[in-house]
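One structure is given here, and the rest of the page talks about it.
The values are calculated or read from the model by the stated rules, or taken from the named source; none is laboratory data. Since this is a predicted model, take the numbers as computed values, not measurements. Every residue, glycine among them, receives a Cβ derived from its backbone with ideal geometry; neighbour counts consider all protein chains shown.
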Amino acid sequence: MDRKNQIMKKAIGMDYSQFQLTDLAFDYENMMSYGGYTIEKIREIQKEQGVGNTPLYELKNITKLVRKLAPKGKGARIFLKDEASNPSGSFKARRAAISVYHAKQNGYKGVIAATSGNYGAAVASQAAMQGIESIIVQEAFDSKGVYQPEIMEKGRACEAYGSEVLQLSVGPELFYVFLRTLEETGYFNASLYTPFGIAGIETLGLELAEQVYERTGQKPHRVVVTHAGGGNLTGTARGLIKAGCKETQIIGASIDLQGLHMASDHDFNKKSFTTGHTGFGVPFATWPDRADVPKNAARPLRYMDRYVTITQGEAFYVTEMLAVLEGLERGPAGNTSLAAAIPLAMEMDEDQIIVVQETEYTGAGKHLNAQLAFAKENGINVYVGNPKESIPGKSIVLPEHPSQLSVTEFPMDKLKRTYLKNVQSQFDIEKFNDTDWEFLAQELNTCEEKIKELLIGRER
Amino acid sequence: MVTVPKGSYVEITKEVLSQNQRAPQIPEDTKKTPLMMKVKGFLLEDGEIGETVKIKTVLGREQEGSLTSDNPRYSHDFGDIVPEIFKVRDSIKNFMKTGDCDGQ
């Protein structure tokens, strides 16, 4: 454990104890300002790397479709921030640009990231652009040697950018390989969860607010964010707040994969999505510090107003819809928030604005046809019908009618109660002082009374 | 056996943790399998498939493991056509044209 802490400290070059206030509480805002990465500075670094400043599309045809289905006067204008236009094909370039910049400024020869997702390609691309080395550690295949096609594609992309890719079978001990590689190389831990990594996403929220205002003279009423590890939601929300959009409702959306175990060798290839799902969304929201840094800068419950889930079939369905109605072929995982935005727009007035905050690139392996064909090969029943019938790991149901698109509420109180349960399992709340309660109120974006209510509610 | 010449771009596979070294909290099915790692690089000496060999990765780091493939291919693609996607495509386009997914 001591050795682990030592490796981590060296690999991140940052002493997290300086932010600690009590055993539980730490100064989050002070940590977020670490390194002097103001939003202006971040914009400048990203501009230099060709990151950000992505187009905002108005999805006019999908808005038309929504208005055909919605009651008279309902059906908000839907906008989409095309993050696939970033150098590595996703919003992850924003955080990678800052992580790699920071590593280089601090004299590291290379960076390492543990990720099976778009972040790997982003780190590899930024490392190439900024002239340092990169190693990506991926959970990639099951015990039969069968790869998730989406992950194989991301591995290929990393290798294309000159990265060394270490691919592992299923299991959380990937972290052991990650630590050992940090120790062997002395490279920087380009974690997804450093303060500057998260601050890198703030420009997404800021740009989005500026672009919506420029086009409509309004602030967005709702922004839907695909939620997994929590960085996307945290960074975007912070950027929106900095842009003065304090009233904008932040809605997290994940694909429902409840029932599948994330560390199960058997379940690994029964999933048709490797990110943007509840398998990350719920645990990371309710205990952010499970991350590969001592304090996770992604703390989604501070900013999330509402959390909804959709099914795998609905994400594939809107991926097809985006291609045929809007002429945009994008990766399925990024369209999680689009699938949620369609039913959410139906609840809203016509003059209101909802923004789908990201897209991701698509290609071999990372495409609805590839992912559905893989699902069939793995015994998943794929059919057109009622998406409500779908069972993660057993069936994928593509809607037969757009009116079947819907969101399922994941109660915010349930998330907050789980967060508190996790706090209680590690700390003695009887000994909490004002600083602890204040910290919890900030963490859960609520007041002390409500926290006590949630704690009692749990015991009932 | 076919000899893979030194300098070839290959993939090796190695066991990182055996079954009994796996973390206690992981599911039973995963615990029954070793943690395996695959990495690619250039073969340092001639070798045969299945033999323990050493490679240099693209970063020049040395790795040792069982030689599993020579000129490893990326086998992912777009998959066999999934006919259900055509059904969905038609229904979306019909709905936009006629307000009905069947195109009536």
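Screening A:Ile342, A:Ile391, A:Ile396 for residues that are within 14 Å of chain B (Cβ to nearest Cβ), farther than 20 Å from A:Ile62 by Cβ and in contact (Cβ under 8 Å) with a residue 60 or more places away in the chain leaves exactly one candidate, A:Ile396. Scanning region A:75-109 for residues that are surrounded by fewer than 21 Cβ atoms within 10 Å (Cβ to Cβ), touching a helix residue (DSSP H, G or I) at 6+ places or on another chain (Cβ under 6 Å) and not in a loop (DSSP other than H, G, I, E, B) returns a single hit, A:Lys104.
Scanning region A:405-437 for residues that are under 23 Å from A:Ile255 (Cβ atoms) and part of a loop (DSSP other than H, G, I, E, B) turns up A:Leu405, A:Ser406, A:Val407, A:Phe410, A:Pro411.
Given the structure, is A:Tyr383 of a type in the set (Phe, Trp, Tyr) and either touching a Leu at 6+ places or on another chain (Cβ under 8 Å) or at positive phi (or both)? Judged against the criteria, A:Tyr383 is a match.
The helices (runs of 4 or more DSSP H) located wholly in region A:205-298 that include 2 or more residues which are within 21 Å of A:Phe410 (Cβ to Cβ) occupy A:231-242, A:278-286.
One residue alone among A:Gly171, A:Gly162, A:Gly145 is in a loop (DSSP other than H, G, I, E, B), under 21 Å from the mean Cα position of the chain (by Cα), within 14 Å of chain B (Cβ to nearest Cβ) and modelled with pLDDT of 95 or more, and that residue is A:Gly171.
Of all residues in region A:63-110, those being closer than 17 Å to B:Met96 by Cα, among the hydrophobic types (A, V, I, L, M, F, W, C) and away from every other protein chain (no Cβ under 14 Å) number 1.
Okay, residues lined up against (1) within 11 Å of another protein chain (Cβ to nearest Cβ); (2) touching a residue at least 40 places away in the same chain (Cβ under 8 Å); (3) surrounded by fewer than 15 Cβ atoms within 10 Å (Cβ to Cβ); (4) within 22 Å of B:Thr68 (Cα to Cα):
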position: B:Val10; (1), (2), (3), (4): no, yes, no, yes
position: B:Thr13; (1), (2), (3), (4): yes, yes, no, yes
position: B:Leu17; (1), (2), (3), (4): yes, no, no, yes
position: B:Met37; (1), (2), (3), (4): yes, no, no, yes
position: B:Gly41; (1), (2), (3), (4): yes, no, no, yes
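Restricting B:Gly99, B:Gly103 to residues that are facing chain A (nearest Cβ under 10 Å) and at pLDDT below 95 narrows the list to B:Gly99. Taking residues in region A:357-380 that are among the β-branched types (Val, Ile, Thr), and partners anywhere that are assigned to a loop (DSSP other than H, G, I, E, B), the pairs with Cβ atoms closer than 6 Å and at least 6 places apart or on different chains are A:Thr359/A:Asp82; A:Thr359/A:Arg330; A:Thr362/A:Glu329; A:Thr362/A:Arg330; A:Thr362/A:Gly331. When A:Ala375, A:Ala364, A:Ala315 are checked against the criterion of being within 14 Å of chain B (Cβ to nearest Cβ) and surrounded by fewer than 20 Cβ atoms within 10 Å (Cβ to Cβ), a single residue qualifies: A:Ala364.
Yes/no per residue for (1) closer than 21 Å to A:Arg95 by Cβ; (2) out of contact with any Gly (no Cβ under 8 Å at 6 or more places or on another chain); (3) surrounded by fewer than 23 Cβ atoms within 10 Å (Cβ to Cβ):
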residue	(1), (2), (3)
A:Ala121	yes, no, no
A:Ala128	yes, no, yes
A:Gly131	yes, yes, yes
A:Ser134	yes, no, no
A:Lys144	no, yes, yes
A:Lys154	yes, no, no
